[in-house]
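Remarks on the structure that follows.
The values are calculated or read from the model by the stated rules, or taken from the named source; none is laboratory data. Every value quoted in this text rests on a predicted model; they were computed, and no experiment measured them. FYI the Cβ positions are ideal-geometry reconstructions off the backbone, even for glycines, and counts take in every protein chain you see. Surface areas here come from the heavy atoms of the whole protein model, side chains and all, with no ligands, DNA or RNA. Shrake-Rupley method; radii C 1.70, N 1.55, O 1.52, S 1.80 Å.
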Amino acid sequence: MAQPLEKVDRRDAKLALAHLFVAFAALALGGFAGLLQTLVRSGKFELPAGISYYTILTTHGVLLGLVLTTFFIIGFQFAAVSRTTGALSDGSRRLGWIGFWMMTSGTACTAFFILTGQASVLYTFYAPLQAHAGFYIGLALVVVGSWVSGFAMFAHYARWRKTHRGQVSPLLAFMSVTNMVLWLVCSLGVAATVVFQLIPWSLGLTDRVNVLLSRTLFWYFGHPLVYFWLLPAYMVWYAVIPKVIGGKMFSDSLARLAFILFLLFSIPVGFHHQLLEPGISPFWKYVQVVLTFMVIIPSLMTAFAMFATFESYGRSQGATGLFGWLRKLPWSDARFFAPFVGMLFFIPAGTGGIINASHQLNQVVHNTIWVTGHFHLTVATTVVLTFFGASYWLIPHLTGRVMTKAMNRLAIIQTIVWAVGMTFMSGSMHFAGLLGAPRRSAFSTYSNSPQALEWIPYQIAQAVGGTILFIGIILILVIVINLAFFAPKGETEFPVAEAAAPYERAALALENWKLWIGLVVALILIAYTVPIIDIIQNAPPGSKGYKLW
Amino acid sequence: MAKLITAARQTKQEKEPALKGTLASVFLLGFFVIFSWVSVYFLFLHRL
Amino acid sequence: MHIHKYEKIWLTFGIGCLIVFLTVVGVSAFAAGQQPPSCLTTIDPEKVDSTPPFDHPGLVKKGDKEYELNIVVAAFSFTPNAIEIPKGAKVTINVTSKDVIHGFEIPGTNVNMMVEPGYVNSLTTTFDKPGEYTILCNEYCGAGHHMMTARIKVVE
């Protein structure tokens with residue numbers, strides 16, 4: 001099987017790179033907004049020139065939560081399918097570019113209305129706060145653009161399957177397709193509320209909006225959204241990291257099974273974001289809590305698979321004892337180190353998630369800054385550090401360069417800086433949240449409330465953490481720019497791991513898309529039909545739009 | 001081909017890889033989850 | 001599909017824990033009545049001021065040590081915003097919004113609920129410890145969101 005370095009087709013590389021550039025540009029601007037927020041929240045700093053905290057907060061959430069993630073993921077997945085199933089057809093590549101330009105123009109449109117203060121509605125844009133119609137139209141373009149790219153990947157995958165009958169598809173292609181199916185099914189919800197409710201309402205074509213329906217459609221999308229972020233990180237862990245450390249994938253079929261479980265159970269769970277809402281019966285909330293707990297299982301499987309990959313490799317290198325294998329791991333290789341630190345952070349991150357979703361326990365943490373701390377561990381550490389780790393080989397692979405030793409050392413430092421900064425910031429957010437400090441709020445002592453005064457030391461720690469993290473952002477931008485434009489020319493591998501055991505027949509059954517999509521639809525109908533009929537039938541008078549910023 | 005796969009599977013089942021460290025690691029993780037969840041549950045009860 | 005023996009042990013243990021967690025919250029919700037706030041009553045958000053009980057917001061005595069506290073929420077205030085409650089009172093808090101979505105939280109307690117236009121939300125709690133409690137809005141509602149606060153004083 002030894003072959004010369006398998007490369008992503010050059011034309012596909014360009015498409016992937018275009019996505020990565022937008023992603024890192026969003027990181028630069030969104031990260032700066034994040035720094036300003038933590039400084040304001042410390043109470044020691046005020047924004048100049050009457051800039052609103054909530055404008056900055058909206059910028060941060062949209063650019064990092066929606067733009068950075070979606071662009072990086074689609075770029076990465078185009079590279080992954082091209083690397084494992086061959087160059088895209090001209091038609092698929094054209095679709096990919098159409099998707100890219102729709103998403104980019106949508107982002108520009110939304111960003112314009114946010115930055116000019118016409119859409120300070122945060123990235124969740126809950127009605128009846130009403131942003132300028134351009135904000136929603138831009139977002140709709142981003143979502144529809146991502147669908148076009150998804151269809152390009154589906155078409156490519158279908159073509160591969162037609163020419164490779166009876167064969168199991170390459171793991172990375174299978175995972176990319178699973179993630180895009182997940183994305184398509186869930187983003188139908190946000191598209192529905194944006195296109196049918198919010199755009200006509202913000203244009204003045206309709207007067208009133210059903211607030212609870214809009215929120216429910218948003219959260220039907222909002223939770224699978226976080227799995228759409230997480231699954232590409234899992235792709236790197238399962239299918240790339242074993243090769244980076246020089247070992248084998250623990251189990252190819254279990255990895256596929258985990259992804260199918262994510263597809264099935266990450267969608268019918270949105271109510272765990274709405275546990276404290278009026279208008280939804282506690283029975284249906286609990287049903288979705290149970291379904292939420294199902295989606296923990298594939299993560300339990302992933303934890304085992306990762307440790308097993310590392311231990312097997314360590315033992316093959318002669319490690320002994322219970323934890324001797326840890327010493328054999330390539331700690332000085334940033335391609336391993338950054339995602340590994342991301343994995344470690346997923347332990348408290350996942351734990352926090354279980355607590356958040358535990359029905360009435362949500363009353364302890366809901367809308368407190370604990371939640372902000374939680375997703376800064378999941379997406380802003382686990383996912384993002386894995387994306388950084390992937391960039392260290394993906395960008396030089398795509399640009400025909402190599403990462404120098406100095407850049408690798410800087411990348412190790414970047415990872416440590418990120419881990420330290422996030423420990424300060426997210427750690428203090430968790431504790432302040434348990435004491436009741438609210439999320440998404442500018443600095444306030446709530447008329448010198450004794451409770452609010454207790455939070456201030458934690459808020460200062462958040463600013464310290466935020467500042468350290470901003471240094472981390474500068475470091476990663478230096479590395480990315482180096483890898484894209486200045487690193488020495490050469491060949492970099494796109495690492496793809498081999499499975500420890502040959503393919504099992506079960507892997508073929510896992511590509512029965514009709515079955516899986518049918519099950520996804522069935523689960524969604526079970527979880528949502530009755531409550532959504534209730535929400536529509538028992539709806540109160542709708543709400544007019546408000547611009548309260 | 002199919003025979004080859006079955007044969008490989010059989011040898012694998014006879015000799016499972018040594019994963020004691022993995023088992024210990026995931027259980028440490030599990031205990032962390034339990035400890036944290038129970039802590040917040042007691043906080044909830046305390047505040048009732 | 002082949003699964004390593006240790007992985008079977010781990011998944012059995014892990015899934016067992018999840019079942020225990022679900023049982024604990026399920027039993028305390030459905031048997032002991034500790035459900036998250038999920039009131040199903042609707043209201044016209046533009047007629048809050050003329051709809052009982054919100055036409056006369058405030059604390060109402062309902063029985064021995066039992067009270068109802070009706071609060072109207074609007075950008076950027078709670079009405080009433082200074083409330084005295086006798087110690088040991090069992091209080092059902094009803095809230096509704098006249099405009100956008102708000103949050104209703106008393107830090108340091110389990111009182112935490114969403115306030116949405118068109119709906120009443122409701123939660124019952126007992127104030128056992130005397131002292132000052134802060135009410136605040138924990139869902140973004142506009143420029144003055146972080147200034148939205150009210151005070152409860154629990155007195156002997």
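In the range A:431-452, the residues that are at positive phi and in contact (Cβ under 8 Å) with a residue 60 or more places away in the chain reach residues that are surrounded by 20 or more Cβ atoms within 10 Å (Cβ to Cβ) and outside any loop (DSSP other than H, G, I, E, B) with C-beta atoms within less than 7 angstrom, at least six apart or across chains, in these pairs: A:436/A:368; A:436/C:105; A:440/A:57. Among the residues of the range A:255-292, those identified as open to solvent by less than 10 Å² (accessible area, probe 1.4 Å), more than 30 Å from residue C:102 (Cα to Cα) and within 12 Å of chain C (Cβ to nearest Cβ) are A:255, A:256, A:258, A:260.
Against the list (1) out of contact with any Ser or Thr (no Cβ under 8 Å at 6 or more places or on another chain); (2) assigned to a helix (DSSP H, G or I), the condition residue C:146 fails is (1). Selection of the range C:104-131 for residues being more than 7 Å from chain A (Cβ to nearest Cβ) and within 17 Å of residue A:447 (Cβ to Cβ) yields C:104, C:106, C:131. The single condition among (1) in contact (Cβ under 8 Å) with a residue 12 or more places away in the chain; (2) farther than 24 Å from residue C:61 by Cα; (3) at the interface with another protein chain (Cβ under 9 Å from one of its Cβ atoms) that residue C:140 does not satisfy is (1).
Would it be correct to say that residue A:122 is touching a residue at least 24 places away in the same chain (Cβ under 8 Å), within 30 Å of residue A:397 (Cβ to Cβ) and in a loop (DSSP other than H, G, I, E, B)? Taking the combined requirement at face value, the residue does not satisfy it.
Scanning the range A:522-549 for residues that are within 25 Å of residue C:97 (Cβ to Cβ) and open to solvent by less than 50 Å² (accessible area, probe 1.4 Å) gives A:528, A:531, A:532, A:535, A:539, A:540, A:542, A:543, A:545, A:548.
Can you find, within the range C:10-55, the residue that is nearest to residue C:121 (Cα to Cα) among those that are open to solvent by 70 Å² or more (accessible area, probe 1.4 Å) and more than 9 Å from chain A (Cβ to nearest Cβ)?
C:52
Residues in the range C:110-132 that are buried (at least 19 other Cβ atoms within 10 Å of the Cβ) and either part of a loop (DSSP other than H, G, I, E, B) or outside the structural domain of residue C:89 (by TED's automatic domain parsing) (or both): C:110, C:111, C:116, C:118. The residue that is farthest from residue A:40 (Cα to Cα), counting only those in the range A:435-460 that are in contact with a Leu (Cβ under 7 Å, 6 or more places away or on another chain), more than 7 Å from every other protein chain (Cβ to nearest Cβ) and of a type outside the set (Phe, Trp, Tyr), is A:454. Please work out if residue C:134 is farther than 30 Å from residue A:544 by Cβ, within 7 Å of chain A (Cβ to nearest Cβ) and touching a residue at least 24 places away in the same chain (Cβ under 8 Å). Here the answer is yes, as residue C:134 does meet what is asked. For the range A:488-514, a residue qualifies if it is in a helix (DSSP H, G or I), away from every other protein chain (no Cβ under 14 Å) and either under 9 Å from residue A:252 (Cβ atoms) or in contact (Cβ under 8 Å) with a residue 12 or more places away in the chain (or both), and exactly one does: A:513. Residue count for the range A:497-521, restricted to those that are of a type in the set (A, V, I, L, M, F, W, C) and open to solvent by 40 Å² or more (accessible area, probe 1.4 Å): 7. Considering the range A:54-87, and only residues there that are open to solvent by less than 10 Å² (accessible area, probe 1.4 Å) and more than 20 Å from the chain's Cα centre (by Cα), the residue that is nearest to residue A:389 (Cα to Cα) turns out to be A:82. Among the helices (runs of 4 or more DSSP H) confined to the range A:293-404, the ones with at least 1 residues that are open to solvent by 10 Å² or more (accessible area, probe 1.4 Å), closer than 15 Å to residue A:430 by Cα and within 14 Å of chain C (Cβ to nearest Cβ) are located at A:334-356, A:362-365, A:369-377. Across the range A:115-129, the number of residues qualifying as touching a Gly at 6+ places or on another chain (Cβ under 9 Å) and open to solvent by 20 Å² or more (accessible area, probe 1.4 Å) comes to 2. Once the range C:145-156 is narrowed to residues that are farther than 23 Å from residue C:54 by Cα and surrounded by fewer than 21 Cβ atoms within 10 Å (Cβ to Cβ), the residue that is modelled with the highest pLDDT is C:155.
Restricting attention to the range A:183-201, the residues being crowded, with 23+ Cβ neighbours inside 10 Å and not β-branched (Val, Ile, Thr) number 5.
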